[in-house]
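Have a look at the structure below, then the notes.
The values are calculated or read from the model by the stated rules, or taken from the named source; none is laboratory data. Computed from a predicted model, the values in this text were never measured in an experiment. Here Cβ is always computed from backbone atoms with ideal geometry, including for glycine, and neighbour counts include all displayed protein chains. Please note that ligands, DNA and RNA were not included when accessible areas were found on the heavy atoms of the full protein model with its side chains. Shrake-Rupley method; radii C 1.70, N 1.55, O 1.52, S 1.80 Å.
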Amino acid sequence: MVRGSCRTILLLTGLLLPALWCTLAAGAASARQGEVVFLTSPASAAQGSTVRATVVVSRAVPRCTGTLRHAGTSSAKVVAVVRLRASFAWRLPATAAPGTWTIAVKCGRAGSAFGSFKVTRRTTPPAAVMVAVEKSGFSVAGTELGYGVVLRDTSATRDAVGVTVTVNVVDAANRVLRTDTSHLSGIPAGSTYYFGGDVFLDAGSAPASLQVSVRTEGDQPKRLAGPQVAGLTATADAAGRVHLHGELTNTATQPMSSLTRISGVVFDTAGNVIGGGVTFPTAPVRPNDHFDFDLPVTGVTADRIGSFQVSVV
């Protein structure tokens with residue numbers, strides 16, 4: 001359209017000014033046909049993240065070059081143009097300088113496009129709280145099995161909250177003989193929790209090992225503290241069954257529920273878990289009051305015990 005108009009003007013006038021007008025008009029039309037525009041581009045990006053940008057070109061070209069720049073730093077990439085689009089991705093260094101960065105895209109005769117975005121400092125989220133299973137073991141007396149599990153909150157600064165412990169008793173063929181699931185309100189940051197329990201098996205069962213899994217609902221800044229336990233001893237009754245005894249003190253400002261779990265784990269002289277058990281207060285324990293507990297341990301005789309531990313939620 002521009003060229004046809006120019007021919008008409010030149011033929012009619014033969015003047016220099018119309019000729020100059022035609023040259024400028026043709027250049028403007030060419031620039032419009034050769035546009036390169038951003039389809040997507042970032043407004044901001046954190047240190048260490050991936051920066052992505054896509055441009056659309058108005059004419060077919062084989063490739064585009066994209067350059068990421070900041071101060072004396074630059075990173076260039078050449079990508080193919082597919083269906084009039086070229087997409088770029090750059091990985092920012094973890095130490096990328098905060099501030100304004102630019103993206104320059106050149107697509108040959110199709111033209112160029114320029115953009116900018118802000119690089120922000122990377123924020124470090126708190127480490128995920130994980131409750132690790134450090135060791136476990138069990139002992140059997142008839143059809144009753146007593147088990148012990150050593151758990152640890154691996155975060156030094158975050159309490160594990162809403163902890164579910166699932167213990168599967170399995171046989172040599174890895175078949176589950178019994179499942180015991182318990183819920184703990186929380187485990188204090190960086191602490192070890194001695195989790196004990198007992199289950200009854202079907203007659204003729206032959207337990208070979210334990211499978212223990214732990215799930216947490218969340219975490220919180222370190223503030224949990226368990227009740228005080230003192231005067232731990234282990235004795236055997238007339239039938240030879242071991243009992244762990246101790247005194248629990250409610251150091252909280254609220255009464256302790258009669259559903260409070262008092263669990264114990266026993267070890268042999270080599271530090272292996274050989275069993276455990278659980279008991280509960282016979283009544284709510286008021287603030288600053290004491291409760292003397294008796295925690296039976298199934299299948300363990302006194303001569304096998306090297307040490308023992310008790311934990312209270």
What is the sum of charges, Lys and Arg at +1 and Asp and Glu at -1, for the other residues whose Cβ falls under 12 Å from the Cβ of residue 97? +3
Can you compute the helix-only [θ] at 222 nm over the chain? Use -39500 (n - 2.57) per DSSP H run of at least 4 residues, normalise by all residues, nearest 500 deg cm²/dmol. -3000 deg cm²/dmol
Karplus couplings for the range 90-101 from phi (6.51 cos²θ - 1.76 cosθ + 1.60, θ = phi - 60°), rounded to Hz, Gly and Pro as x? 10, 9, 6, x, 4, 9, 3, 5, x, x, 8, 10
Taking amide H positions as placed in the peptide plane 1.01 Å from N, state which residues far from residue 261 in sequence (5 or more) or on other chains have amide H under 5 Å from it. 313
Amide H of residue 300 versus every other amide H placed in the peptide plane: which residues, excluding those fewer than 5 positions away on the same chain, fall under 5 Å? 242
Using only Cα atoms, find the angle between the long axis of helix 2-13 and the longest principal axis of the chain, and express it within 0 to 90 degrees, rounded to the nearest 10. 20
Report, by chain and number, residues whose modeled amide H sits under 5 Å from the one on residue 35, excluding near sequence neighbours (fewer than 5 apart, same chain). 58
Could you give the angle, 0 to 90 degrees to the nearest 10, between helix 16-33's Cα long axis and the longest principal axis of the Cα atoms of the chain? 20
Thinking of the chain as a set of Cα atoms, what percent of all their pairs are more than 30 Å apart? 59
Tally Lys/Arg at +1 and Asp/Glu at -1 over every other residue whose Cβ is under 13 Å from the Cβ of residue 200; what's the total? -3
Calculated from backbone phi, Karplus (6.51, -1.76, 1.60) coupling profile of the range 78-84 in Hz, x at Gly/Pro: 10, 10, 6, 8, 10, 6, 6
Karplus 3J(HN,Hα) series, Hz, for the range 140-153 with 6.51 cos²θ - 1.76 cosθ + 1.60 (x for Gly, Pro): 10, 9, x, 9, 9, 10, x, 10, x, 9, 9, 10, 9, 6
When the accessible area of the chain is split by element with a 1.4 Å probe, what percent falls to carbon and sulfur? 54
Order the peptides 147-154, 106-113 from the highest to the lowest mean number of other Cβ atoms within 10 Å of their residues. 147-154, 106-113
With every protein chain present, what is the per residue accessible area of the range 110-197 (1.4 Å probe, Å²)? 46
